[in-house]
Protein chains: 4
Amino acid sequence: MIIQFKQPVNQAIMQEILRKLKEAHYHGILVKHHLVIFDVDHLDLNQREQAAVAQVITKQPRYVLGSRVFQPEDTIIRTAHNQIGGANFTVMAGPCSVENQAMITELAAKVKTAGATVIRGGAFKPRTSPYDFQGLGETGLRYLRAAADEQGLDVITEVMSEAEIGIAAPYTDIFQIGARNMQNFDLLKAVGKAGKPVALKRGLAATIDEMLNAAEYIAAQGNLQIILVERGIRSFDSTYTRNVLDVGAIAVLRKLSHYPVIVDPSHASGHADLVASLAKAGVAAGAQGMLVEVHQDPAKALSDAAQQLTPAAFAPLVQQVQQIHALVQEPMQGPANSTSVMKKNVEAHD
Amino acid sequence: MIIQFKQPVNQAIMQEILRKLKEAHYHGILVKHHLVIFDVDHLDLNQREQAAVAQVITKQPRYVLGSRVFQPEDTIIRTAHNQIGGANFTVMAGPCSVENQAMITELAAKVKTAGATVIRGGAFKPRTSPYDFQGLGETGLRYLRAAADEQGLDVITEVMSEAEIGIAAPYTDIFQIGARNMQNFDLLKAVGKAGKPVALKRGLAATIDEMLNAAEYIAAQGNLQIILVERGIRSFDSTYTRNVLDVGAIAVLRKLSHYPVIVDPSHASGHADLVASLAKAGVAAGAQGMLVEVHQDPAKALSDAAQQLTPAAFAPLVQQVQQIHALVQEPMQGPANSTSVMKKNVEAHD
Amino acid sequence: MIIQFKQPVNQAIMQEILRKLKEAHYHGILVKHHLVIFDVDHLDLNQREQAAVAQVITKQPRYVLGSRVFQPEDTIIRTAHNQIGGANFTVMAGPCSVENQAMITELAAKVKTAGATVIRGGAFKPRTSPYDFQGLGETGLRYLRAAADEQGLDVITEVMSEAEIGIAAPYTDIFQIGARNMQNFDLLKAVGKAGKPVALKRGLAATIDEMLNAAEYIAAQGNLQIILVERGIRSFDSTYTRNVLDVGAIAVLRKLSHYPVIVDPSHASGHADLVASLAKAGVAAGAQGMLVEVHQDPAKALSDAAQQLTPAAFAPLVQQVQQIHALVQEPMQGPANSTSVMKKNVEAHD
Amino acid sequence: MIIQFKQPVNQAIMQEILRKLKEAHYHGILVKHHLVIFDVDHLDLNQREQAAVAQVITKQPRYVLGSRVFQPEDTIIRTAHNQIGGANFTVMAGPCSVENQAMITELAAKVKTAGATVIRGGAFKPRTSPYDFQGLGETGLRYLRAAADEQGLDVITEVMSEAEIGIAAPYTDIFQIGARNMQNFDLLKAVGKAGKPVALKRGLAATIDEMLNAAEYIAAQGNLQIILVERGIRSFDSTYTRNVLDVGAIAVLRKLSHYPVIVDPSHASGHADLVASLAKAGVAAGAQGMLVEVHQDPAKALSDAAQQLTPAAFAPLVQQVQQIHALVQEPMQGPANSTSVMKKNVEAHD
């Protein structure tokens, strides 16, 4: 149950209602001018209380803060160089791993020219085997930040532990939580407290509900600056593609949630010659940005050699996806009518 | 191993080579001006024989006839009202089931107006339960044919047995083999002999190789008029989408095979409000057509009520996917360079 | 809704109720002394009618005939040499394909000695590629029947089309429907009419409900002599096992349905050295029999070379699974208490 | 490549070889009396060096320390009250969450009586939603330890972060890493350094190779006290079972690795009435122990209400699985012959 107060919020009334809840042993949280109460469908409000309330919503999904029931309009995340979400289209690109300073400096210039406004690059790498290259750590972050600043780009980089959040915070604009850590709940809580935007990748076999509940761990810390990333799910056939890009999930996430949704075609395909097709498909399905691995010389990359694009292949892709984005662009969220559609949808699956 | 003869084929030499194979107990088949020999990598050819040969290909996938190794250029299927494949984009639409004459007559006019050139409609329905509506049978086919003829449309309809192929043959232009019958090998052989184009849907958990091998059952009967249909695969999450549309498979099938590839967003989504997103994604990934369920009053449909579009929702979708198709259109197959890419690709995965 | 009549059935009353249904445009079927009415929860019965009725069941799954709601006690299938189901344990074994007369004659003796009472062997083979060995056809069936008769064994063999049912009928005791044809509904209807026991294999990605509904296609033809075969499902990991044996499905099928359930560890594993472990697991989970591929010289087999056991490996396995079967044997179905458990279960998932 | 030195190791020679590797820029690690060298197939050894070497193994999987190539014989983990692995069978049981002191004290006595020698209980709970009960934390651990000590049981409990490892260390005998953290590589490294046995659960969609590589992260810290837990994988059908227990993986893990393998039937089934069947299947497939959720009053449990067994249902299950374990017990590892089988196996799949 969500009690949405009229603005400016009547603080006295709100405190009164909170007291009532406490006495009834109900659990509630306050976000913006909303009071979310769990496992409760009805609360008696007297006339004075009712007068202070704009709306009472009695059906909401468990991931309430991330839902369109809680916030009908798109979240737009503002960083130094970007507005992510809404009608904007954001291109994030860069190498799988930061391998040395020269390569990241050169790549930053190239992806900027091609149209990227965020540079990606791994310093802490989640590798299947402990004997594989594990990333350059803080040194890599330093290279990445310098390259980004030179070009006027934002930085996105992956963190895998609370300690790494602390190390990366001075260098990055957006934290990335990888697919393997989507349900690393302590990490989600920690990154929720870190006060910067978070790009959350879908787990390899995570349901849409699990992904939105994982995002809720971040949101429940008061951080609603969340980007949802579809990067392919595991299927029975990996002969030609590493994963299956779930374009339906992109469309569903756009409906259920107000967070920006972007597509990662690189990990979904696993093969450079399929990246463009998957990127275009993801954007046609509604993605508001893409996150693409680009490397000067993919064959010699220290990780993900098979799936990184050359800058030469990346540049025309950016142009094509921007055209598709313009073509399919339609307001996901109107003021009145479409809100009710969202609500109905959510209820149906609640 | 494929021996491609120079044209016109030197029949004497070809017969000589066939004799050699027979003596060596090798199994070979003749298609067009190609001799395909299984499980053999090398064959000694004398000078005269070599002179009659255009090219010897030593690596090919098991589904040889469907591969770009065998035929580099796109197959284009010509029906009364359509050219399917190549740079063309074909819209197929109509109800899940033909329910009565009035509805199919009305729908034929509406989907034609919206841009469809093929009408679909089930007369023999593969239903999960024996107690569900099983289709109108031949009566339904008669209605469908009449409606199509009135509008100048081709007909596509599903058959599930050899008997039904015989019944449907006078009424349909394209046979459809459903997902549940993708590996019904006797049906594939029978439809291969029927001499009409066949749209083969991917099985719910069929790999890309299995799908191409299933198509090969049809092709081995001498019928290369095959359309490959991606209609979504089964995944671990069916809360919001019935299946997961595998857009990567569309891109891969376009590369490996010369057959036209089309997308069925209706069965992939299972929910009408997701059909448009999936259709657009499929076309952005390279689909050369789409097959969409359309019904005047989906809520009252006798089958697939949840996923059918109204004509009003269908019409703007056609326009948008045609724009996307135009945008992503690029020759999949050039004369020299791209052929070699294909070959390399195929070999890598052979 | 199921109306179970007292026995002997009062025919006049039953006809009266059938007339009522017809007038109300309800669809009902008569099986044994039960009247099954679809999509109806309530029917007004007068006192006379009520007196003729033993029980009215208002909740039943769509696959009503196969459910324990319809028949609480285990089905036991009686063939010349076997009683399959209930507390019995049935061993079916033999080669993937009948390759020649000598091999099947020798194998029949060996599997009989090891404890098998049914011999399997493919004459019509569902092969992924049209260019693979397709089986010996009727010649193979003749060899198989002769070998079985010499040893006093029943025969089980796969059919893939209506035509093959006709060819195989004189030679086989049990028809097998393969995984790829689990939802070949025309085949299910045809084999339902053929009047012999049918072993139905679970499809590669078939849900339990879909499997029971597929069985219902056979049952709806009046043939309740059905054996359910769990043979492994497709998963994301096929590096070491071809499929994943779903032991949970064995336990669930035993609860929901009265049909015998057997395990096929050969297709589930795909590797001979895992067959024993999977067979034991399946039996521990409740399987009432096993279907195992055995070949004199697996490495030289014309199909499934990797997964066939030698007779020497097969014999001790039979002993061990029989011990496990004896250990886990408990009545799945008592007269009163457990029936209600079954009913509750079915309702919960209906 | 693994160089296994004769014992006692000739330290001078070993250092000499290490110097050689360094000069060649090869990466090697020393474990026990083995030198593991990555990405190298051949190393020239002079006569003196060869004399100090027992064996050179040139093919090994990436997860070398966990493989039977590195250690052919079973690992046996010794705790205060248990020897886990080898021919032993270990029963671990207890509630999903420690809810209060009384319940865990009572349960400890009951599971001990039923045959358990390890008590499980969650203090830090990985819940899908941040609004669900998150566990009692250190208070819960205190209760759990006290209950275990009173009964002479070992403790196993889950940790989800480096901080929780520190908190739990004084209270637990075995750390559990949950399925959602199987590839939380920083957590694996941290728990590897903690110096206590670790039970590693398979991820929901983790391949067998990924699981063994995850275990290798722990082993590479010098901790080979690892228990592998199969707890079911995600599939397309969750109507009746929450996950699919992969009994084939149990058999494969026993072959490839020397670590103890145990089965968790509770999370695999998700429904109490299926736990026994899955437990029996897992043990029949080769599991050397089981980890079962038991609760006095499952319906009132704060988490996993549907899948916990009552003590009354648990006790007879222990007896039955112990009988099955005795029945299927066979030496997985003999001195000579079976080692070579393992090696061959590993090579085949390397």
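The values are calculated or read from the model by the stated rules, or taken from the named source; none is laboratory data. As the structure is a prediction and not an experimental result, all values here were calculated from the model. We place every Cβ from the backbone using ideal geometry, glycine too, and count neighbours over all the protein chains shown.
Which fully enclosed helices (runs of 4 or more DSSP H) of region A:180-292 have 3 or more residues being within 14 Å of chain D (Cβ to nearest Cβ)? Spell out the reasoning first.
Values: elements: A:185-193, A:208-219, A:247-256, A:265-269, A:272-284.
Correct list: A:185-193, A:208-219.
Please enumerate the residues belonging to region B:268-305 that are surrounded by fewer than 24 Cβ atoms within 10 Å (Cβ to Cβ) and closer than 20 Å to B:T157 by Cα.
B:G270, B:Q296, B:P298, B:A301, B:L302, B:S303, B:D304, B:A305
Might you check whether a residue that is within 21 Å of the chain's Cα centre (by Cα) and farther than 27 Å from C:A206 by Cα occurs anywhere in region B:121-139?
Going residue by residue through region B:121-139, those that are within 21 Å of the chain's Cα centre (by Cα) are B:121-126.
Now restrict to residues that are farther than 27 Å from C:A206 by Cα: none.
No, because not a single residue in region B:121-139 is within 21 Å of the chain's Cα centre (by Cα) and farther than 27 Å from C:A206 by Cα.
Would you check which residues across region C:167-177 are part of a loop (DSSP other than H, G, I, E, B) and buried (at least 24 other Cβ atoms within 10 Å of the Cβ) and list them? First the steps, then the outcome.
Of all residues in region C:167-177, those part of a loop (DSSP other than H, G, I, E, B) come to C:169-173.
Within region C:167-177, C:T172 is the sole residue that qualifies.
Would you say D:A163 is more than 26 Å from D:K110 (Cβ to Cβ), hydrophobic (A, V, I, L, M, F, W, C) and surrounded by fewer than 24 Cβ atoms within 10 Å (Cβ to Cβ)? Spell out how you get there, then give the answer.
Numbers: more than 26 Å from D:K110 (Cβ to Cβ): yes; hydrophobic (A, V, I, L, M, F, W, C): yes; surrounded by fewer than 24 Cβ atoms within 10 Å (Cβ to Cβ): yes.
Yes: the conditions hold for D:A163.
Could you identify the single residue in B:Q329, B:Q319 that is modelled with pLDDT of 95 or more and on the phi < 0 side of the Ramachandran plot?
Details: B:Q329 fails: modelled with pLDDT of 95 or more.
The unique qualifying residue is B:Q319.
Of all residues being within 22 Å of C:L188 (Cβ to Cβ) and hydroxyl-bearing (S, T, Y) in region B:112-170, which is farthest from the other protein chains (Cβ to nearest Cβ)? Just the residue, please.
First pass over region B:112-170, keeping only residues within 22 Å of C:L188 (Cβ to Cβ): B:122-138, B:140, B:157-168.
Those still in the list that are hydroxyl-bearing (S, T, Y) too: B:128-129, B:131, B:157, B:161.
Working: B:T128: 5, B:S129: 5, B:Y131: 5, B:T157: 15, B:S161: 4 Å.
Out of the qualifying residues, it is B:T157.
Any idea how many residues of region D:97-134 are modelled with pLDDT of 95 or more, small (G, A, S) and either within 20 Å of D:N82 (Cα to Cα) or surrounded by fewer than 24 Cβ atoms within 10 Å (Cβ to Cβ) (or both)?
Adding up the residues that qualify gives 7.
List every residue pair whose Cβ atoms lie under 6 Å apart, where the two residues are 6 or more positions apart in sequence or sit on different chains, the first residue falls within region B:54-81 and is touching a residue at least 40 places away in the same chain (Cβ under 8 Å), and the second residue, located anywhere, is among the aliphatic types (A, V, I, L, M) and in a loop (DSSP other than H, G, I, E, B).
Filtered contacts from region B:54-81: B:I57/B:V69; B:T58/B:M1; B:Q60/B:V69; B:F70/B:V64.
Being in contact with a helix residue (DSSP H, G or I) (Cβ under 6 Å, 6 or more places away or on another chain) and in a loop (DSSP other than H, G, I, E, B) is the filter; apply it to region A:297-313 and report the residue that is nearest to the other protein chains (Cβ to nearest Cβ).
Taking region A:297-313 first, the residues in contact with a helix residue (DSSP H, G or I) (Cβ under 6 Å, 6 or more places away or on another chain) are A:305, A:307-309, A:311.
Filter once more, so that each one left must be in a loop (DSSP other than H, G, I, E, B): A:305, A:307-308.
On the way: A:A305: 14, A:Q307: 12, A:Q308: 17 Å.
Within region A:297-313, the match that is nearest to the other protein chains (Cβ to nearest Cβ) is A:Q307.
Got a number for residues in region D:156-214 being free of Cβ contacts under 8 Å to residues at least 12 places away in the same chain and hydrophobic (A, V, I, L, M, F, W, C)?
Number satisfying all stated conditions: 1.
Starting from region A:1-21, keep only residues that are farther than 19 Å from A:F38 by Cβ, then list their pairs with residues that are surrounded by 15 or more Cβ atoms within 10 Å (Cβ to Cβ) whose Cβ atoms are within a distance under 8 Å, requiring at least 6 positions of separation or different chains.
Here the result reads A:K6/A:A52; A:K6/A:V53; A:V9/A:A52; A:N10/A:A52; A:I13/A:F5; A:I13/A:E49; A:I13/A:A52; A:E16/A:E49, each pair linking region A:1-21 to a residue that is surrounded by 15 or more Cβ atoms within 10 Å (Cβ to Cβ).
Give me the residue from region D:73-87 that is out of contact with any His (no Cβ under 7 Å at 6 or more places or on another chain) and not β-branched (V, I, T) and, out of that set, surrounded by the most Cβ atoms within 10 Å (Cβ to Cβ).
In the first step, residues of region D:73-87 are kept if they are out of contact with any His (no Cβ under 7 Å at 6 or more places or on another chain); the result is D:76-87.
Now restrict to residues that are not β-branched (V, I, T): D:78, D:80-83, D:85-87.
Values: D:R78: 11, D:A80: 12, D:H81: 15, D:N82: 21, D:Q83: 14, D:G85: 23, D:G86: 17, D:A87: 14.
Taking the candidates together, the pick is D:G85.
Would you confirm whether or not region D:1-12 contains a residue that is hydrophobic (A, V, I, L, M, F, W, C) and within 20 Å of the chain's Cα centre (by Cα)? Reasoning before the result, please.
The first filter runs over region D:1-12 and keeps only residues hydrophobic (A, V, I, L, M, F, W, C), leaving D:1-3, D:5, D:9, D:12.
From what's left, within 20 Å of the chain's Cα centre (by Cα): none.
For region D:1-12, residues hydrophobic (A, V, I, L, M, F, W, C) and within 20 Å of the chain's Cα centre (by Cα): absent.
Within region D:72-86, is even one residue in contact with a helix residue (DSSP H, G or I) (Cβ under 6 Å, 6 or more places away or on another chain) and basic (K, R)? Step through it out loud before you land on a result.
To start, the set of residues in region D:72-86 that are in contact with a helix residue (DSSP H, G or I) (Cβ under 6 Å, 6 or more places away or on another chain) comprises D:72.
Retained after the next criterion (residues that are basic (K, R)): none.
Looking for residues that are in contact with a helix residue (DSSP H, G or I) (Cβ under 6 Å, 6 or more places away or on another chain) and basic (K, R), one finds none in region D:72-86, hence no.
Determine whether C:G85 is assigned by TED's automatic domain parsing to the domain that holds C:L212, modelled with pLDDT of 90 or more and closer than 18 Å to C:E216 by Cβ. First the steps, then the outcome.
Details: assigned by TED's automatic domain parsing to the domain that holds C:L212: yes; modelled with pLDDT of 90 or more: yes; closer than 18 Å to C:E216 by Cβ: yes.
Criteria met by C:G85.
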